[in-house]
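Peer 1: If you scroll down you'll find the structure; I have some questions about it.
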Amino acid sequence: MNSTPEKQSTFPLGKRYNSFVGYFKTRYGERLQKIVLDAGFTCPNRDGSVGRGGCTYCDNAAFHPSYSTSGKSLRVQLDEGIQFHKVRYRTTEHYLAYFQSYSNTYASLDTLRILYEEALSHPSVVGIVIGTRPDCVDEQKLDYIAELASGKVLKGWERTMADGTVRKEPIIIMEYGVESCYDSTLRRINRGHDFDSARQAIRMTSERGLDVGIHYILGLPGETRQMMLDACEIINSLPVRSIKFHQLQIVKGTRMEKEYADHPEDFERFSLEEYLDFFADILERLRPDLYIERIAGEVPPRFVSETPWGLVRNAELLHLLDEHLEKKDSWQGKSLI
């Protein structure tokens, strides 16, 4: 295999990029599976605080599994989610409760305490992932979350990991929807906040020693491929540990579906081969210590009008990316050396 010492020594699992699955195994000694939760939150650009209708691309039903519905208690969602994932990941012992739907810090601190601590009370849960917007955190909420991560809140809480290590502090990961580094894009998609809000929220979170992940969409209207590549330098400057990429998918019934029908020329669309090649270019520009949690999104076919990549699932896509990186002799951070 044609490679360099830098690439060989950097990445786990023999990958040419920093796999987040590999990160979990390296740091915690085992594979951890996320259980998606709907805790009944909403968003400030849905309830009128900053806007109405939500982001133009969003239909939240397209992004979470059937077991995750707000009408069920968190305990029921966790139990059903564990049974759901046991079919595929039979050896998984521990889970992360993933507060995903809408903005999961958009409530009073008292409400957040109840929800987060309830999720952490499940015996198979070793931590929580909190998905939210940058404009839905403040110093007080972040102080509490940092105390939760330090083990000071849940007295007597502990979990024995697969390697025998006893954890007395829950794993806490903050995940911010950044979506774009460009304010013009954020305005166009009705995001309701600017990029500086994301920068400030990430800084405040990182300063408290919390792990920070971000979500980013490739292909939003008005952004050229060069703009997306240039954004890598901005992403590299942020104090984040991980990033989750999604390719833009046009979901039925959203305002973006109409915008795409009216102005398709404003959208960069990718065939599967084009996306693999483009994503390799993205990886080459990203700093090598940044963990890549996802390279593309999956939306059930019933939610979209077209499936240009066919029915390629995430596992197959990861395999195709591995092959493409090998063929291209490409790896994460290559252009930064």
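The values are calculated or read from the model by the stated rules, or taken from the named source; none is laboratory data. All figures in this text were calculated on a predicted structure; none of them were measured in a lab. Here Cβ is always computed from backbone atoms with ideal geometry, including for glycine, and neighbour counts include all displayed protein chains. Note: areas computed on protein heavy atoms with side chains; ligands, DNA, RNA excluded. Shrake-Rupley method; radii C 1.70, N 1.55, O 1.52, S 1.80 Å.
Peer 1: Give the residue that is nearest to Pro288 (Cα to Cα), with candidates limited to residues of segment 241-251 that are touching a Leu at 6+ places or on another chain (Cβ under 7 Å) and of a type in the set (A, V, I, L, M, F, W, C).
Peer 2: That would be Ile243.
Peer 1: Further, regarding this structure: So is Leu336 over 25 Å from Arg88 (Cβ atoms) and either of a type outside the set (A, V, I, L, M, F, W, C) or surrounded by 14 or more Cβ atoms within 10 Å (Cβ to Cβ) (or both) or not?
Peer 2: So Leu336 fits the description; yes.
Peer 1: Of the residues Asp183, Asp262, Asp211, only one is without any contact (Cβ under 8 Å) to a residue 60 or more places away in the chain, surrounded by fewer than 21 Cβ atoms within 10 Å (Cβ to Cβ), acidic (Asp, Glu) and in contact with a helix residue (DSSP H, G or I) (Cβ under 8 Å, 6 or more places away or on another chain); which?
Peer 2: None of the others qualify; the one that does is Asp183.
Peer 1: Among the numbered conditions (1) under 24 Å from Gly310 (Cα atoms); (2) touching a residue at least 60 places away in the same chain (Cβ under 8 Å); (3) open to solvent by less than 50 Å² (accessible area, probe 1.4 Å), tell me where Tyr275 comes up short.
Peer 2: The single condition Tyr275 does not satisfy is (2).
Peer 1: Between a residue in segment 138-151 that is touching a residue at least 60 places away in the same chain (Cβ under 8 Å) and any residue that is of a type in the set (Asp, Glu), which pairs come within a Cβ distance under 7 Å, given they are 6 or more apart or on different chains?
Peer 2: These pairs meet every condition: Ala149/Glu169.
Peer 1: Scan segment 79-94 and tell me whether some residue there is aliphatic (A, V, I, L, M), more than 19 Å from the chain's Cα centre (by Cα), modelled with pLDDT of 90 or more and closer than 30 Å to Leu320 by Cα.
Peer 2: Scanning segment 79-94, I find at least one residue that is aliphatic (A, V, I, L, M), more than 19 Å from the chain's Cα centre (by Cα), modelled with pLDDT of 90 or more and closer than 30 Å to Leu320 by Cα, so the answer is yes.
Peer 1: List pairs: first residue in segment 309-337 and over 18 Å from Ser19 (Cβ atoms), second residue assigned to a loop (DSSP other than H, G, I, E, B) anywhere in the structure, Cβ distance under 6 angstrom, at least six positions apart or on different chains.
Peer 2: From residues that are over 18 Å from Ser19 (Cβ atoms), the pairs are Asp329/Asn2.
Peer 1: Another question, if that's okay. Please indicate, with yes or no, whether at least one residue in segment 283-298 is touching an Asp or Glu at 6+ places or on another chain (Cβ under 9 Å) and among the β-branched types (Val, Ile, Thr).
Peer 2: No: segment 283-298 contains no residue that is touching an Asp or Glu at 6+ places or on another chain (Cβ under 9 Å) and among the β-branched types (Val, Ile, Thr).
Peer 1: Identify, by number, the condition in (1) in contact (Cβ under 8 Å) with a residue 40 or more places away in the chain; (2) closer than 30 Å to His263 by Cα; (3) polar (S, T, N, Q); (4) not in a loop (DSSP other than H, G, I, E, B) that Asn190 doesn't meet.
Peer 2: Failed condition: (4).
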